[in-house]
Amino acid sequence: MAFLRVVTRWPASSKFACATPGLHRHALDPPGAAGTALRSGFLPLTTSSAVAKSSAATAEALRGGSQTLGSRRDPLDATFDDAHAAYKSKTTWEILRAYIVYTLCSSNYLVENNMKIMKVAKAILGEKIFTAIMKSTFYGHFVAGEDQIRIRPTLERLRSFGVKPILDYSVEEDLSQEEAEKREVESSVSELGDEKVQGPPPAEMGGTMPQFHVDKTFADRRYKVSSARTYFYLNEATCERNLEIFQQSLQAVAGATYGTGLAAVKLTALGRPQLLLQLSEVIMRTRQYMTEITALTAQANKSSPDDKGNIIGKHIQPEELQQKLQQACKLSEAPVKKFLQNVTYDQEGLIHLFPWSGIIDENLELSETFLVPDMKTGKMVRLLTQLSSKEEEMFRNMIRRINVLAQTAEDLDVRMMVDAEQTYFQPAISRITLEFMRKYNTKKALIFNTYQCYLKDAFNEVSTDLEQAKRQNFYFGAKLVRGAYLEQERARAAALGYPDPTNPSFEATSESYHRTLTECLRRIKDLKDKGKPNMIGIMVASHNEDTVRFAIEKMKEIGISPEDKVLCFGQLLGMCDYITFPLGQSGYSAYKYIPYGPVNEVLPYLSRRAQENKGILKKIKKEKRLLLRELIYRISRGKIMYTPKGDYTPI
């Protein structure tokens, strides 16, 4: 599952001219150019100190956790079988609607053909009647409303029942497969070609890595993916547009959710995918290179065989690296000396071979950064395919966009999560995200990375990044998910002939998830005992109640309380209410991912939700059973006209 996606754009509407309680008036009634921006559908991109202070102050008051009026707490039923706790936030009509929606999601024919059926229904019924029907069924169940104003009642009701929001303007581009493939192929290959300019890469640097090169068969990245949004690069202008949308999302979280919500971004929306592919390949070649370098010293340094060449796990001192290179290279040569001078290390040893911090802080040329001494010839060789000057500029633009978002998050005191994507992008995404954590997470965890636990390397990746955060002294934030690209990853690996990166079974993925979460909690407890609380923040983003129970039990076992505010839970709106609401009402930090947008523009999102529900029939059966139980209870007790009224305060 890849949830927590936030992309916000306000449709042009005169309603925004109205003063609305709880929203900053400057954002609703701006003069001059700001008013023009508003009428075009966007709130003005302002992060003034006044706005930042106002949002931060409100958020601090609401996040403070003070036990005042309305801070009711209920005992948690860890079996998640309490229908009243799950649905007391819903009207009787909403319960009946949910039951009907889940019943329809159980039909294979309807699910498989849902997009065609919706388009045909719209054509026959007309837009007005179609919209009314959708709002009464699928749209009303899975989507909170059409714009930021209309979703406010939903947000307020969620909050009164102990649940916080994650906003998502869920409009998606409806591209044909042909157009998606065309865009992806064109944007994934350098204008200088797709071959290494220096010939085939040496074996000790990984040899051929087909996973980091585009293949038309899998160019439509929506293939076998039902639970994740996909962006296809068109040009730099669309990336700038996406930047504005994401920036508006951060402002929406600061305003509409009082700063208690979250925002998420996808890096493929902010730059050319070719750059992420090439950077990912560099990272994997670097790991292979380090494995070769440390072959003679691994036993002495007691390196774990599971660290897969991650440099930070080797604990190698710069002097040891120099001795190894001495065997093959003439250290008097300027390029080799420069290479050794640029490695990043601390008292425990090497952290990075390359100056990653310079990549986000300075205008370094990528092509000239990733050079290493060949272990056999002693000559400096390039790990990165040569980039054109235009592509170098594109990379700097991508980093600039991410930096703008991170700075906006800091100004507004809003947390920003970077979504995980396919494995051929992920090494670059994680590396860039970690460096922005290092830069911005100096006082609290503002920037979060996402880890997909269906991947075999998930535990090692999280452990390595936790170690970097510890050694470079910054706050670490992570969202743990099972993952959204399982079938696609397996099919692509089999077709292109590289090792399958995914776990072989659901059980293996659960074990990976629980092992990774346990390591995070262990480190949280260790830091708490050392007087460094809140240095690590984790979101358990899962619809699996066994995983949620495991997290709760581990928290108790290790001695971490909900009030420590270091672990939270999250599920999608309209799914697994029997998990989210009992958690929020019993004092745990619980979130709902809140999609919104015009009916006609969120049809692709609704289609994906139907597909995702089809794959979790066991959960649907439980949800239907609990919905029916609550419905019968209300009818038998004469509470058909029940009006939800909560008195809970989210932690």
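The values are calculated or read from the model by the stated rules, or taken from the named source; none is laboratory data. Note that the structure is predicted; figures quoted are calculated from it, not measured. Neighbour counts are summed over all protein chains in view; Cβ atoms, including those assigned to glycine, are modelled from backbone coordinates with ideal geometry. We work out accessible area using only protein heavy atoms, side chains counted, and drop any ligands, DNA or RNA first. Shrake-Rupley method; radii C 1.70, N 1.55, O 1.52, S 1.80 Å.
Under the shape rule built on the C-alpha gyration tensor, where the axes satisfy a ≥ b ≥ c, the range 440-585 is oblate, since a/c reaches at least 1.5 while a/b does not exceed b/c. Just to check, using Stokes-Einstein with a Kirkwood Rh over alpha carbon pairs, what's the diffusion coefficient of the range 554-609 at 20 °C and 1.002 mPa s in µm²/s? Estimated diffusion coefficient is 162 µm²/s. Given the C-alpha centroids of the range 171-192 and the range 577-601, what is the distance between them in whole angstrom? Between the Cα centre of the range 171-192 and that of the range 577-601, the gap is 33 Å.
Below 12 angstrom from the Cβ of residue 165, what's the summed charge of the other residues (Lys, Arg +1; Asp, Glu -1)? Net local charge, residue 165 excluded: +3. Listed by chain and number, the aspartates and glutamates placed with their C-alpha closer than 18 angstrom to that of residue 639 are 82, 94, 630; residues fewer than eight positions away on the same chain are left out. Relative to its residue count, the range 325-474 spans a Cα convex hull of 141 Å³ per residue. Its alpha carbons considered, the range 136-282 gives a radius of gyration followed by a Dmax of 19.9, 63 Å.
Taking a point 7 Å out from the Cα of residue 361 in the direction of its Cβ, the residues of the range 436-463 whose backbone N falls within less than 15 Å of it are 436-442.
Of the cross-linked pairs 216/479; 556/621; 122/622; 528/554, those separated by over 27 Å at the C-alpha level are 216/479; 556/621; 122/622.
The simple Förster model, with R0 at 41 Å and r as the Cβ-Cβ distance, assigns residue 390 and residue 110 a FRET efficiency of 0.30.
Spacing of the modelled spin labels on residue 119 and residue 78, each 7 Å from Cα toward Cβ, amounts to 4.9 nm. Under 1.5 on a/c is rounded, so check that first for the range 451-517, then, if it is not, pick prolate when a/b is larger than b/c and oblate when it is not; a ≥ b ≥ c are the square roots of the alpha carbon gyration tensor eigenvalues. Note, shape of the range 451-517 comes out prolate.
Put simply, the C-alpha atoms of the range 112-176 give a gyration tensor, and the ellipsoid matching it has half-axes of 27, 14, 11 Å, longest first. Extents of the range 404-497, largest first, come to 45, 26, 19 Å (Cα atoms, principal axes, whole angstrom). Which of rounded, prolate or oblate describes the range 348-402 when judged by the alpha-carbon gyration tensor and an a/c cut-off of 1.5? Oblate. With a Förster radius of 45 Å applied to the beta-carbon distance between residue 553 and residue 494, the computed FRET efficiency rounds to 0.75. Available extension along the chain between residue 129 and residue 347 is 71.7 nm, counting 0.36 nm per residue and deducting the alpha carbon span. Relative intensity of the range 380-425 on a log10 scale, I(q)/I(0) at q = 0.16 Å⁻¹, equals -0.68, per a Debye sum over C-alpha point scatterers of equal strength in the absence of solvent.
Per residue, the range 527-651 exposes 39 Å² of solvent-accessible protein surface, assessed with a 1.4 angstrom probe and all protein chains in place. With Rh defined as the Kirkwood radius, the inverse of the mean 1/r over Cα pairs, the Rg/Rh of the range 219-294 is 1.13. Highest mean packing first, where packing is the average number of other Cβ atoms within 10 Å per residue, the peptides 395-406, 251-262 line up as 251-262, 395-406. First measure r as the distance between the Cβ atoms of residue 633 and residue 443, then evaluate 1/(1 + (r/R0)^6) with R0 = 60 Å and state the FRET efficiency to the nearest 0.05. The pair residue 633/residue 443 has a calculated efficiency of 0.80. The charge dipole of the range 447-517, taken about its Cα centre with unit charges on the Cβ of Lys, Arg, Asp and Glu (plus for the first two, minus for the last two), comes to roughly 160 debye.
Between residue 515 and residue 208, the contour length at 0.36 nm per residue exceeds the alpha carbon distance by 107.3 nm.
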